[in-house]
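K.L.:
Supplied in structure tokens, the structure appears directly below.
Read the figures in this text as sums done on the coordinates, not as results from a lab. Owing to the predicted nature of the structure, the values given are computational and were not obtained by experimental measurement. With ideal geometry, Cβ positions are generated from the backbone for all residues, glycine too; neighbour counts draw on all protein chains shown.
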There are 2 protein chains.
Amino acid sequence: MGTIIKELTKVEDARKIFLNAIDPLSATEHLLLLDCINRIVASSIKATRNVPHYRRAAMDGYAVQSSDTIGASVINPVMLGVSDDAGQGTCVRVHTGSNIPDNADAVVMIEDTTPIGEMVEIRTQLHPNKHIGCIGEDMQAGELIFKAGHLLRPCDTSVIASLGIAEVEVYRKPVVAVIPTGDEVVPRTTSEIPLPGKVLETNGLMVGLYVDKWGGKARYCDIVPDSPELIETAIRSNLDADMIILCGGTSVGERDHVPAVVDSLGKILVHGVGLNPGKPTALGIIGNVPVVCIPGYPVAGLVGLFEFARPALRKMGNIPDIPETIIKARISSKINSKEGYLTYARVILDGNIAHPVMTSGSGVLSSVARANGFVLIPENVEGYEEGQDVDVVLID
Amino acid sequence: MGTIIKELTKVEDARKIFLNAIDPLSATEHLLLLDCINRIVASSIKATRNVPHYRRAAMDGYAVQSSDTIGASVINPVMLGVSDDAGQGTCVRVHTGSNIPDNADAVVMIEDTTPIGEMVEIRTQLHPNKHIGCIGEDMQAGELIFKAGHLLRPCDTSVIASLGIAEVEVYRKPVVAVIPTGDEVVPRTTSEIPLPGKVLETNGLMVGLYVDKWGGKARYCDIVPDSPELIETAIRSNLDADMIILCGGTSVGERDHVPAVVDSLGKILVHGVGLNPGKPTALGIIGNVPVVCIPGYPVAGLVGLFEFARPALRKMGNIPDIPETIIKARISSKINSKEGYLTYARVILDGNIAHPVMTSGSGVLSSVARANGFVLIPENVEGYEEGQDVDVVLID
């Protein structure tokens, strides 16, 4: 028999309570640069050498001693001989990126020169270091380049690679055991239509793919029937994971055992949130393993996942918050909501018009397929009127 | 000897010219649902069956004949017997998701009932189909679920899986050959500091990782020296790829052969764009293989990549445009720009303040590492003043 939901916890409070119970992982691993995109730097990366490690020509042209160019101009050019060491009165041909000879302290751009026989005409005066990239100008040996907690982007890998660093230490991904539950749920391996009353397992697949997308590592577990003993066994055998997400069995019916089992093994922190759809979501902790129990109704499960599993995964994985893509739009018809509930209304964005998806409930999975955005209606607002300007969060 | 840049093409025009020369790929492949995230549906997905495929209880309670509940209320309940077929005057216990017996046409919620001995007290009147999910209510057999061109999200996989579909046909990823060029470039395999005048290969790594991130498949090629013959050989041996990106050698110096070689094998469409950094970018086509030539200066290369390679990859891969994350911010100091150039200024976002990154040029790779956003300054604007409100595009 399920727990009773006595009162609903506000979404924001529920999330705070849950996140407070979660510790970020400290375990790390070493990855090649090719494999480190979207991973989180675990120990600060410092420059192991100067970049550039030599005085670098920043332009195609001639390396010169700047003192040789004093007074040079178009009407009063100076003539320099060509040498291989840029000794006084001479210059050396260089290309962008070339090493600057020790004697030289400036580069005159090719456009400001003309070779005349053995000599080169220089038509501009240069100050010291003109068009020279100094040693360490880009990065100085010992300088902090990336702090722990930095999310690695492709452009960062080239910065790290330029230091001669081949591997980076990043936080390990949180392993998330995804456990689908329900007497009615049957494996997707069958190609026949299931018997009436049976449905194919789909929530676990969706949850696992979101876990992977958000920076975790999904462990797909077998379907567990609505039996407290079997649910307990499944949870116990996954307590080596960093987090557990159970799908289904979170409500208050006689087949809803999940929150009670979690509570018996650890502690249920929240059961029942002011979230629509998603009200029967339960959040708990067993030892140091956070447990998210999302409703079996797919849309409710999805919303519970977004609100609780995603921030939990981010905190655990040391993943910085990424701003969501918000589109400003106007709704083409009224959206109802219930006071006291944070409501996720599905909409179809068409340019700057958001069409609410009419749906008979949180069981209608295809309403998400048809939608590309959510309009979030706060707890203290009773729906939005036709024509109202709203923020649309893209469902990705 | 390199081509001469006669005049600069406006970024928007250059992009149009280039994209017009590109055909989307039509080749497809079949992938398991577990592997299809961020891939593009290639042939429309229709419902192969009804979902639900049976009349489904939407609530825990009792399946009844609605006609048996006429007039039922808290003060005037009706009493029904318990049966296994919901014949007239009887009801059947059901759970959310249960099959509804043929005789029944409504479900009364458990909260509105009380079992009394062998009978059940029903305290509410039900209309036909109350709390019943009808066959095909979610998806009807034959109904279009996803059109070709749809980018697959985790939530979509569960919709597809619920139809018993295990594999989807998606467009093949564009294979992009990434060819670093330059006499000064040496492989990253060496652990020693390169000789003065030599630099580690880093641009190809960055480009390849962006290609993968944007939905392509990078092919990392060996470094090619600044030799027209060797550049030609490298290009020829990669004309089986869907796109080629060459890094370096795009300017007008005597070592800049890339655009001329591309032009000799096919056609250079644009050489020199009003983009800062990124001016020496060249765009061409060889047969039906688009070729992006980005400058060797890392920041210039990155900007050229964002402006041209990304949209080209999207068009070729049939990938829908994803809105970029824009953050509204105020700049903490003046940003200069040159009229006629679309300028990418690197900024560090700190809340709603964007601090411009002071840098001596497009060769300074670490300026990107330090930055997390770009402020784009249009061609017809000469810089932004301190305190101005700007849009910041996140560098991801």
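K.L.:
Report, to two decimal places, the Cα Rg of chain A normalised by 2.2 N^0.38 Å (N = number of residues). Walk me through the numbers before you get to the answer.
P.N.:
On the way: Rg = 31.4 Å, N = 396, 2.2 N^0.38 = 21.4 Å.
Output field value: 1.47.
K.L.:
Can I ask one more? Counting Lys +1, Arg +1, Asp -1, Glu -1, what net charge surrounds A:ARG55 among other residues with beta carbon under 11 Å of its beta carbon?
P.N.:
Details: positive: A:ARG56; negative: A:ASP102, A:ASP105, A:GLU137.
My count for the surroundings of A:ARG55 gives -2.
K.L.:
Also, quick follow-up: How compact is region B:122-162 by the rule of thumb for globular proteins, expressed as Cα Rg over 2.2 N^0.38 Å?
P.N.:
Working: Rg = 16.0 Å, N = 41, 2.2 N^0.38 = 9.0 Å.
Computed over Cα atoms of region B:122-162, the ratio equals 1.78.
K.L.:
To continue, here is another question. Once the label point is set 7 Å along the Cα-to-beta-carbon vector, what list of distances in nm do you get between A:ASP350 and its counterparts in the other copies?
P.N.:
4.6
K.L.:
Oh, and also: Strictly over 32 Å apart at the Cα level, which of A:LYS10/A:LYS198; A:LYS6/A:LYS173; B:LYS217/B:LYS279; A:LYS279/B:LYS217; A:LYS46/A:LYS315 would you flag in this model?
P.N.:
Working: A:LYS10/A:LYS198 34 Å; A:LYS6/A:LYS173 36 Å; B:LYS217/B:LYS279 26 Å; A:LYS279/B:LYS217 42 Å; A:LYS46/A:LYS315 25 Å.
Listed pairs above 32 Å: A:LYS10/A:LYS198; A:LYS6/A:LYS173; A:LYS279/B:LYS217.
K.L.:
Only four residue types carry charge here, +1 at the Cβ of Lys and Arg and -1 at the Cβ of Asp and Glu. Report the dipole size of region A:250-318 about the Cα centre in Debye, rounded to the nearest 20.
P.N.:
On the way: 6 positive and 4 negative charges, 53 e Å.
With Lys and Arg at +1 and Asp and Glu at -1, about 260 debye.
K.L.:
Would you mind listing how long region B:177-328 runs along its three principal axes, going by Cα atoms, in whole Å with the largest first?
P.N.:
44, 36, 29
K.L.:
D for region B:56-133, whole µm²/s, Stokes-Einstein with Kirkwood Rh over alpha-carbon pairs at 25 °C and 0.890 mPa s: what number?
P.N.:
Details: Rh = 11.7 Å.
Translational diffusion coefficient: 211 µm²/s.
K.L.:
Oh, and also: Just which residue of chain B brings its Cβ nearest the axis of rotation onto chain A, and by how many angstrom, rounded whole?
P.N.:
B:THR325, 3
K.L.:
Test of understanding: in a Gaussian network model of chain A with alpha carbons linked when under 10 Å, which of A:GLY117, A:GLY133, A:GLY272 would top the mean-square fluctuation ranking?
P.N.:
Checking each option, the largest mean-square fluctuation is seen for A:GLY117.
K.L.:
Separate question: Compute the label-point distances linking A:GLY142 to its equivalents in the other copies; points lie 7 Å from Cα along Cα→Cβ; give nm, one decimal, shortest first.
P.N.:
7.7
K.L.:
Just report the Cα centroid separation between region A:299-368 and region B:134-154, whole Å.
P.N.:
Region A:299-368 and region B:134-154 have Cα centres separated by 19 Å.
K.L.:
While we're on this one: Restricting everything to alpha-carbon atoms, can you work out Rg to Rh for region A:243-396 with a Kirkwood hydrodynamic radius? Could you put the intermediate results ahead of the total?
P.N.:
Details: Rg = 16.4 Å, Rh = 16.3 Å.
Radius of gyration over Kirkwood radius for region A:243-396 works out to 1.00.
K.L.:
Between B:VAL186 and B:LYS6, what's the calculated FRET efficiency when r is the beta-carbon distance and R0 is 22 Å? Round to 0.05.
P.N.:
Values: r = 34 Å, r/R0 = 1.53.
In this case the efficiency is close to 0.05.
K.L.:
Please give me the summed charge of the neighbours of B:ASN20: other residues whose Cβ is under 12 Å from its Cβ, Lys and Arg +1, Asp and Glu -1. Present the calculation step by step, with values, prior to reporting the outcome.
P.N.:
Working: positive: B:ARG15, B:LYS16, B:LYS315; negative: B:ASP13, B:ASP23.
Result for the neighbourhood of B:ASN20: +1.
K.L.:
For B:PRO154, what charge total do you get from the other residues with a beta carbon under 10 Å from its beta carbon, if Lys and Arg give +1 and Asp and Glu give -1? Mind dumping the intermediate values first?
P.N.:
Working: positive: A:LYS213, B:ARG153; negative: A:ASP212, A:ASP396, B:ASP156.
With Lys, Arg at +1 and Asp, Glu at -1, the neighbours total -1.
K.L.:
Another question, then. Computed FRET efficiency, Cβ-Cβ of B:LYS328 and A:LEU34, R0 30 Å: what is it to the nearest 0.05?
P.N.:
0.30
K.L.:
Related question: Per the helix-only calculation at 222 nm, which mean residue ellipticity applies to chain B, given -39500 (n - 2.57) for every DSSP H run of n ≥ 4 and division by its residues, nearest 500 deg cm²/dmol?
P.N.:
Values: 8 runs with 65 residues, N = 396.
Mean residue ellipticity at 222 nm (helix-derived): -4500 deg cm²/dmol.
K.L.:
Something else now. Would you be so kind as to identify which of B:SER332, B:ALA369, B:LEU349 lies farthest towards the positive end of the dipole of region B:326-394, taking Lys and Arg as +1 and Asp and Glu as -1 on Cβ and the Cα centre as origin?
P.N.:
B:ALA369
K.L.:
Extending each Cα 7 Å along its Cβ direction at B:LYS217 and A:ASN380, get the distance between those two points in nm, one decimal.
P.N.:
So the two model labels end up 5.4 nm from each other.
K.L.:
At a 10 Å Cβ-Cβ cut-off, how would you order B:LYS6, B:LYS334, A:LYS10, fewest neighbours first? Present the calculation step by step, with values, prior to reporting the outcome.
P.N.:
On the way: B:LYS6 7, B:LYS334 12, A:LYS10 16.
With the sparsest Cβ surroundings first, the list reads B:LYS6, B:LYS334, A:LYS10.
K.L.:
Shifting gears a bit: DSSP loop (so not H, G, I, E, B), at most 10 other Cβ within 10 Å: list which trypsin sites (Lys or Arg not before Pro) in region A:128-212 pass both filters. Write out the running numbers ahead of the final one.
P.N.:
On the way: sites: A:LYS130, A:LYS147, A:ARG172, A:ARG188, A:LYS198; in loops: A:LYS130, A:LYS147, A:ARG172, A:ARG188, A:LYS198.
Passing sites in region A:128-212 are A:LYS147.
K.L.:
Given H placed 1.01 Å from N in the peptide plane, which residues other than close sequence neighbours of B:ILE132 have an amide H under 5 Å from its amide H?
P.N.:
Close amide H contacts, sequence-distant or interchain: B:ALA58, B:VAL107.
K.L.:
About the Cα centre of chain A, how large is the charge dipole given +1 on each Lys and Arg Cβ and -1 on each Asp and Glu Cβ? Please answer in debye to the nearest 20. Can you show the working numbers first?
P.N.:
Details: 34 positive and 48 negative charges, 124 e Å.
The dipole magnitude comes to about 600 debye.
K.L.:
Would you kindly calculate the translational diffusion coefficient of region B:318-380, applying Stokes-Einstein with the Kirkwood radius from alpha carbon pairs, for 20 °C and a viscosity of 1.002 mPa s, and quote it in µm² s⁻¹ without decimals?
P.N.:
Working: Rh = 12.9 Å.
Calculated translational D: 166 µm²/s.
K.L.:
Which value results for Rg/Rh of region A:174-227 when Rg is the Cα radius of gyration and Rh the Kirkwood radius based on the inverse mean 1/r? Numbers along the way, then the final one.
P.N.:
Numbers: Rg = 12.2 Å, Rh = 11.8 Å.
Dividing the radius of gyration by the Kirkwood radius yields 1.03.
K.L.:
Name the most mobile residue of B:ILE75, B:ILE327, B:ILE179, meaning the one with the largest mean-square fluctuation, in a Gaussian network model of chain B with Cα contacts below 10 Å.
P.N.:
Among B:ILE75, B:ILE327, B:ILE179, the largest mean-square fluctuation in the Gaussian network model of chain B belongs to B:ILE75.
K.L.:
Just from the alpha-carbon atoms, what are the Rg and Dmax of region A:95-190 in angstroms?
P.N.:
For region A:95-190, the Cα radius of gyration and maximum Cα-Cα distance read 27.6, 92 Å.
K.L.:
Using the Karplus curve 6.51 cos²θ - 1.76 cosθ + 1.60 with θ = phi - 60°, work out ³J(HN,Hα) for each residue of region A:75-86 in order, rounded to whole Hz, and write x for Gly and Pro.
P.N.:
For region A:75-86, the Karplus-derived couplings read 7, 9, x, 9, 10, 10, x, 9, 9, 10, 10, 6 Hz, x marking Gly and Pro.
K.L.:
Check B:SER43: other-chain or 5+ apart residues with amide H under 5 Å from its amide H, H built from backbone geometry?
P.N.:
B:GLU169
K.L.:
Based on C-alpha coordinates, I'd like the Rg and Dmax of the protein assembly as shown, in Å.
P.N.:
32.1, 116
K.L.:
Starting from the amide H of A:THR48, placed 1.01 Å from N in the peptide plane, find each other amide H under 5 Å away whose residue is 5 or more places distant or on another chain.
P.N.:
Here the answer is A:GLY142, since their amide H atoms fall under 5 Å of that of A:THR48.
K.L.:
Per q in 0.28 1/Å, what log10 I(q)/I(0) does a Debye calculation on the alpha-carbon atoms of region B:221-263 return?
P.N.:
Cα-only, vacuum Debye calculation for region B:221-263: -1.09.
K.L.:
Could you tell me which residue out of B:LEU239, B:ILE160, B:ILE268 lies farthest along the dipole of chain B toward its positive end? Charges go on the beta carbon: Lys and Arg +1, Asp and Glu -1, centred on the Cα centre.
P.N.:
Looking along the dipole axis, the top candidate is B:ILE268.
K.L.:
Output, in nm with one decimal and in ascending order, the distances from the B:GLY117 label point to the matching label points of the other copies (7 Å from Cα along Cα-to-Cβ).
P.N.:
Inter-copy label distances (nm, one decimal, shortest first): 12.9.
K.L.:
If you don't mind, there's one more thing I want to ask. Pick out, from B:GLY71, A:SER67, B:LEU25, the residue whose Cα sits farthest towards the positive end of the charge dipole of the protein assembly as shown, with +1 on the Cβ of Lys and Arg and -1 on the Cβ of Asp and Glu.
P.N.:
Highest projection toward the positive end goes to B:GLY71.
K.L.:
Round to the nearest 0.05 the FRET efficiency obtained for B:HIS127 and B:SER227 when R0 = 56 Å and r is the Cβ-Cβ distance.
P.N.:
On the way: r = 82 Å, r/R0 = 1.46.
Efficiency at R0 = 56 Å is approximately 0.10.
K.L.:
Taking θ as phi - 60°, what are the ³J(HN,Hα) couplings along region A:138-148 by the Karplus curve (6.51, -1.76, 1.60), each to the nearest whole Hz, with x for Gly and Pro?
P.N.:
My calculation for region A:138-148 gives 7, 9, 9, 3, x, 5, 6, 9, 10, 7, 4 Hz in order.
K.L.:
Determine ³J(HN,Hα), in whole Hz, for all residues of region A:55-72 in sequence, where each value follows from phi through the Karplus function 6.51 cos²θ - 1.76 cosθ + 1.60 and θ = phi - 60°; x replaces Gly and Pro.
P.N.:
Per residue, the Karplus-derived 3J(HN,Hα) values read 6, 10, 5, 8, 9, 6, x, 10, 7, 9, 8, 4, 4, 6, 9, 4, x, 5 Hz.
K.L.:
With charges only on Cβ, +1 for K and R and -1 for D and E, what is the dipole size of the protein assembly as shown about its Cα centre, in debye, rounded to 20?
P.N.:
Details: 68 positive and 96 negative charges, 24 e Å.
Roughly 120 debye for the protein assembly as shown.
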